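Undergrad: Here it is, the structure, as C-alpha cells.
The values are calculated or read from the model by the stated rules, or taken from the named source; none is laboratory data. In this text, all values refer to a predicted model and were calculated from it rather than measured experimentally. Reconstructed Cβ throughout: ideal geometry from the backbone, glycine too, with neighbour counts over all protein chains shown.
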Amino acid sequence: MERKIKVLFVCIHNSARSQIAEALLKKIGGDRFEVQSSGLEPGKLNPLAVEVMREMGIDISTNLTKSVFDFFTSGTLFDYVITVCDGASAEKCPILPGITKRIHWSFEDPAALEGDHEAKLTAARRIRDEIQAAVEVFVNNTVA
C-alpha cells in the first residue's frame with residue numbers, strides 16, 4: 001500500500017480558508033492524502049465557510065479549530081505545510097520538524113469581507129472556488 005501524503009493547511013484562525021482547503025483536499029485527493037488544518041491563533045469556525053461548503057455537500061459545521069503550535073510541539077511530521085493566508089501571516093508559521101515542503105497560497109480572508117450577507121456569501125464562494133482550483137492543481141502535481 002502506498003504511503004499517504006501528509007498535508008497541514010495553516011491560516012490565521014483556522015476558521016475558514018484552512019478549513020475549506022482541508023475539506024476540499026479530503027474530497028478531491030481521497031485516500032492519497034492525510035490532511036489536517038490549523039491556525040496561528042485558533043478562533044471560531046466562520047459561518048460563511050460552513051455555508052459555502054454545505055452548498056457543495058460538505059459539512060464542516062462540527063469541525064474544531066486547532067493551533068499550529070500543537071502540531072509543532074507534538075513533533076507531528078508533514079510532507080507539506082501549505083499556508084493559505086497573507087504573506088506576512090505565513091511568515092509567523094513555525095518551522096515544523098522533518099523534511100517538510102512549504103507552499104504559500106494567498107487567499108482573501110473571509111473574516112474581512114464587507115457588505116450585506118449576500119455580498120459576503122458571493123465573495124466567500126469565490127474564495128472557496130479559488131482554493132478548490134489550487135487544491136486540484138496540487139493533487140494533480142503531487143506524488144508520494
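Undergrad: Pull up the range 100-114, narrow it to residues that are part of a loop (DSSP other than H, G, I, E, B) and within 14 Å of LEU8 (Cβ to Cβ), then point me to the one that is modelled with the lowest pLDDT. Give the steps one after another, and end with the answer.
TA: In the first step, residues of the range 100-114 are kept if they are part of a loop (DSSP other than H, G, I, E, B); the result is 100, 105-109, 113-114.
From the residues that got through so far, the ones that are within 14 Å of LEU8 (Cβ to Cβ) too are 100, 105.
Numbers: THR100: 73, TRP105: 94.
Among residues in the range 100-114 that are part of a loop (DSSP other than H, G, I, E, B) and within 14 Å of LEU8 (Cβ to Cβ), the one modelled with the lowest pLDDT is THR100.
Undergrad: Just to be sure I understand the filter: pairs with C-beta atoms under 9 Å, separated by 6 or more residues or on different chains, first member in the range 111-130 and within 17 Å of ARG54 (Cβ to Cβ), second member surrounded by 15 or more Cβ atoms within 10 Å (Cβ to Cβ) and of a type in the set (S, T, N, Q). Which pairs pass?
TA: Going by the 9 Å Cβ cut-off, the qualifying pairs are ALA124/ASN46.
Undergrad: Next up: Return the pairs, sorted by first residue and then second, in which the second residue is among the hydroxyl-bearing types (Ser, Thr, Tyr) and in a helix (DSSP H, G or I), the first residue lies in the range 37-53 and is at negative phi and modelled with pLDDT of 95 or more, the beta carbons are less than 7 Å apart, and the residues are 6+ apart or on different chains.
TA: Close Cβ pairs satisfying both conditions: SER37/SER18.
Undergrad: Scan the range 26-64 for residues that are of a type in the set (Ser, Thr, Tyr), surrounded by 13 or more Cβ atoms within 10 Å (Cβ to Cβ) and more than 19 Å from ALA134 (Cα to Cα) and jot them down.
TA: Taking the range 26-64 as the starting set, the residues that turn out to be of a type in the set (Ser, Thr, Tyr) are 37-38, 61-62.
Next cut, surrounded by 13 or more Cβ atoms within 10 Å (Cβ to Cβ) only: 37-38.
Listed by number, the list is empty, since nothing qualifies.
Undergrad: Restricting to the range 66-84, name every residue that is at pLDDT 85 or above and crowded, with 20+ Cβ neighbours inside 10 Å.
TA: If the condition is that a residue be at pLDDT 85 or above and crowded, with 20+ Cβ neighbours inside 10 Å, then VAL68, PHE78, VAL81, ILE82, THR83, VAL84 are the ones that fit.
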